[in-house]
Amino acid sequence: MRRQFLLTALGMVLLASVSTPAAGQSEYPSRPIELVVPYATGGSTDILARILAKYVSEKKGIAFNVVNRPGGSGIIGVREVLNARPDGYTLLADTHGASTMIGAFNDPADVPFDWRNRTWIGMMDKDVILYLVKEDSPWKTLKDVAEYARQNPKKFRWGTTGRGGIAIPAMQQFFEASGIPADAVADTQVLFKSGGEGPVALAAGNIDFAAQQIPEALGLIQAKRIRALAVISDERLPLFPDVPTVAEAGYPMIDVAGWHGVSGPPGLPRNVVDYWVTLLKEANADPVFRDMLEQVRKVPVFLGPEELRAFAEKEYEKYLDVARKLGWRK
Amino acid sequence: MENLALLSAGFANALTATNLAYALLGCLLGTMVGVLPGLGPTAGMAILLPVTAWLSPIPAIIMLSAIFYGAMYGGSTTAILINVPGEVSSVITAVDGYRMAQRGRAGAALAVAAISSFVAGTIALIGLTFFAPALASVALSMGPPEMLGLIVFSMSMIITLSGPSLLKGVFSAAMGILVGMVGLDPTLGKARFTFGVTPLLGGIDLIAVVMGLFALTEVFKSVASGALSISSERLPPWYRFLTFQELRASFGAMLRSSGLGFLLGCLPGMTPGVVSFMVYDAEKKVSRNSRNFGSGAIEGVAAAEGANNACSAANFVPMLTLGIPPSTSMAVLMSGLIIYGLQPGPLIFEKEPAFVWTVIGSMYIGNVILLVLNLPFVGLWAKLVRVPYYFIASLILLFCFIGTYTVRNSLFDVGTCLVFGIIGFLMDRLRISALPLVLGLILTPLFENFLRQTIGMGGGSLSVLAERPIAIGFLALGFITAAIALYLRAKGAGLARCLDAEEAS
């Protein structure tokens, strides 16, 4: 059944790519493009989409509109894009939460599409994660945290955002690497609706440990209310020269990052994909665009369609493993 | 007094021609969007956000903030005149405001709303100027258990909001709670009450429900009763729009609601919608005119508008100093800051003084602009109640659908709005108040959120409450108010029955 579906999909992709070039290869884009953000205004993906829109509109002079279609942890907006006409005028502001995490974390019965069934275009940035404690916490390293959590699993309060948040796999990998079974600490998980709440709860002493993206935590780190123990990155960040990488902290196996990029409905014509790949590549090399990303504390990264697909596939396996350990998936 | 020096520098910046122009433009656009029936701050900012993308940081944030409070303000105009709140925050304004409009006192209601908004905005800004960093620590000390206590306490309002029949009120609230639970569950991401309908995964949109229950219901009611216009009363001459007695009567309500609205607005997750309910309820309990609350008390309008405006200004405290925006509108503003590399956090006042104080300065100015802009229009707006209703009704429907659609760009939400219009009409026929429904709907997600967090903090139980005196205090207060309200209700049952019969006849 599944194979049949994939074959049909493949056939459609081939058909689409054969039949569309005639429809004016040189003319794309000839009317405004909609970039659908599957989340509400004001979130991380929304910010990145608006930065891209601004850059593209200024650079190419094309009308490029950001449309927010929030709801259902991204499922509603993603579905809309995947069902849209594959003409390059409806694109998705893609992210880990809108692709691999929907696929891995949700019960397939609740998701009205196959997460793989999209045209990958490219990645534009990665989102780095920090492990954090309260400023006056006795813990100085990740090992200290692990030690305490192992001995007092019922007292160890840790926070993440809800499902779809990148903090969940970051926490799960930490527990696994520390030899702490997921169900031992399941009861003391405190879930937050938005990214900013975790750092605030840390500063107030309502939780003991959290994993967060940089923009959410930076304000309270600078005010010396919370402290970063490690950063999930291959190298130390210029922003936090004193914060060790996870490998330096003795956790080389931890590897989680959020990302943002662009995707489209399945069967997007070759010329549209090429147009966007060239544009994203150019943007990645452009200091103006890199500055815009660094301004919002993202790391500029470019991955093309095939690399992004392979990357997503690997991430999916990772997240599926997390979901199984948490008992979310069988 | 260092703050005063900084603020005056901020004023100087805000008064430069460009910044002033953007504040004015934002106020104008915001008010224009706000007075369109069915469009409030959320929809307004969503529509106008791209306009600000081309500006440099300070003008952009000035303009966005102005759009926000302008739309907030404009929303109360339609709430009063035609019972169409553009946002949950003006639902309570409509309760007394619309009754006043029907009695030919639209001018008074509009004028008092304008003045109360101005007073509350200014008081809240003074609070923001002098106490913002201190208030951030207050917000920090209100953790999930304390907020849970506060929400449980607020639930006792269901009793006072129920109208003549408690049973009907509880039924209405229960419906709101049920509607509030539709969608993906926030912890496990499991679909609840969605029956396989994909758009329901995103939950039922609050604004769609409010538009349906109030605006559409109002249209259906008027069509059913064959009303020719909202009010057939003769309008008083302009100098009699707001009498001195009315102004004096509402002055206390303005001050109290500004103070309480501001304090509540500093807490995490407290939106103007929730806060206006809480403050209105509190004011009703202390007011000398409490018997008329709900049937056109001018103090009610003053309290509602004071609360939501003070709260919106106070919402800048958790947004700026802690990076936790209570509402979508605040989240949009915060993303504006982040895009420009301004980091919300306790140090924002020290690190970005020019920015913060210019924006605060422009908000003081914006408040004055709104008052000057709107008071002269009171007479014009007030005439709207005499426009033939078939004309107004079609406009209400049109703009409600546009407004509902804009919030999430969803046609499904327009359908939701229509369904709730029919539900609201049936509820009205059965004499069930829609207010407890709205309250249940806005409190449920907060309650669930804080309850789960409290349980997580206690390692799977509510045990952590025992260490939290403030939380216990709120819970106790909740039970005591509920008990008193029930007692008073039992005592006044006979009276209520009389009133009910009188109203029905």
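Brief remarks follow.
- Options B:THR194, B:THR187: the member that is touching a strand residue (DSSP E or B) at 6+ places or on another chain (Cβ under 9 Å), free of Cβ contacts under 8 Å to residues at least 40 places away in the same chain and within 14 Å of another protein chain (Cβ to nearest Cβ): B:THR194
- Which listed residue is aliphatic (A, V, I, L, M), over 19 Å from B:VAL84 (Cβ atoms) and in contact with a helix residue (DSSP H, G or I) (Cβ under 9 Å, 6 or more places away or on another chain), from B:VAL419, B:VAL368: B:VAL368
- Residue tally, condition crowded, with 22+ Cβ neighbours inside 10 Å and over 19 Å from the mean Cα position of the chain (by Cα), over the stretch B:148-161: 2
- Filter result (over 16 Å from the mean Cα position of the chain (by Cα) and under 20 Å from B:TYR364 (Cβ atoms)) within the stretch B:66-88: B:ALA66
- Across the stretch B:177-230, the number of residues qualifying as hydroxyl-bearing (Ser, Thr, Tyr) and at positive phi comes to 0.
- Considering residues of the stretch B:255-304 that are under 24 Å from B:ILE207 (Cβ atoms) and hydroxyl-bearing (Ser, Thr, Tyr) only, the residue surrounded by the fewest Cβ atoms within 10 Å (Cβ to Cβ): B:THR271
- Hey, B:ALA5 at pLDDT below 90 and more than 21 Å from the chain's Cα centre (by Cα) or not: yes
- Selection within the stretch A:204-227: residues that are more than 7 Å from chain B (Cβ to nearest Cβ) and of a type in the set (D, E, K, R). The member of this set that is surrounded by the fewest Cβ atoms within 10 Å (Cβ to Cβ) is A:LYS224.
- All conditions in (1) under 16 Å from A:ASP127 (Cβ atoms); (2) in a loop (DSSP other than H, G, I, E, B) hold for A:ILE207, with the sole exception of (1).
- Test result for B:VAL170, more than 14 Å from chain A (Cβ to nearest Cβ) and within 20 Å of the chain's Cα centre (by Cα): no
- Checking the stated criteria, B:LEU495 turns out not to satisfy the condition of being part of a helix (DSSP H, G or I), more than 14 Å from chain A (Cβ to nearest Cβ) and at pLDDT 95 or above.
- Check on B:VAL286, of a type in the set (Val, Ile, Thr), under 29 Å from A:ILE47 (Cβ atoms) and away from every other protein chain (no Cβ under 14 Å): no
- One residue from A:GLY122, A:GLY165, A:GLY179, A:GLY159 being in a strand (DSSP E or B) and under 30 Å from B:SER463 (Cα atoms): A:GLY159
- Against the numbered list (1) over 21 Å from the mean Cα position of the chain (by Cα); (2) polar (S, T, N, Q); (3) more than 21 Å from B:PRO318 (Cβ to Cβ), B:THR129 comes up short only at (3).
- Summed over the stretch A:181-198, residues that are within 7 Å of chain B (Cβ to nearest Cβ) and not small (Gly, Ala, Ser) total 7.
- Applying the condition of being assigned to a loop (DSSP other than H, G, I, E, B) and of a type in the set (A, V, I, L, M) to the stretch B:1-45 and asking which residue is farthest from A:ILE47 (Cα to Cα) yields B:MET1.
- B:GLU246 vs. criteria within 29 Å of B:ALA302 (Cα to Cα), crowded, with 17+ Cβ neighbours inside 10 Å, acidic (Asp, Glu) and more than 14 Å from chain A (Cβ to nearest Cβ): yes
- Test set (1) assigned to a loop (DSSP other than H, G, I, E, B); (2) in contact with a helix residue (DSSP H, G or I) (Cβ under 7 Å, 6 or more places away or on another chain); (3) without any contact (Cβ under 8 Å) to a residue 40 or more places away in the chain - B:LEU48 fails condition number: (1)
The values are calculated or read from the model by the stated rules, or taken from the named source; none is laboratory data. Note that this is a predicted model, so its numbers are computed, not measured. So basically every Cβ, Gly included, is an ideal-geometry build from the backbone, and we count neighbours across all protein chains shown.
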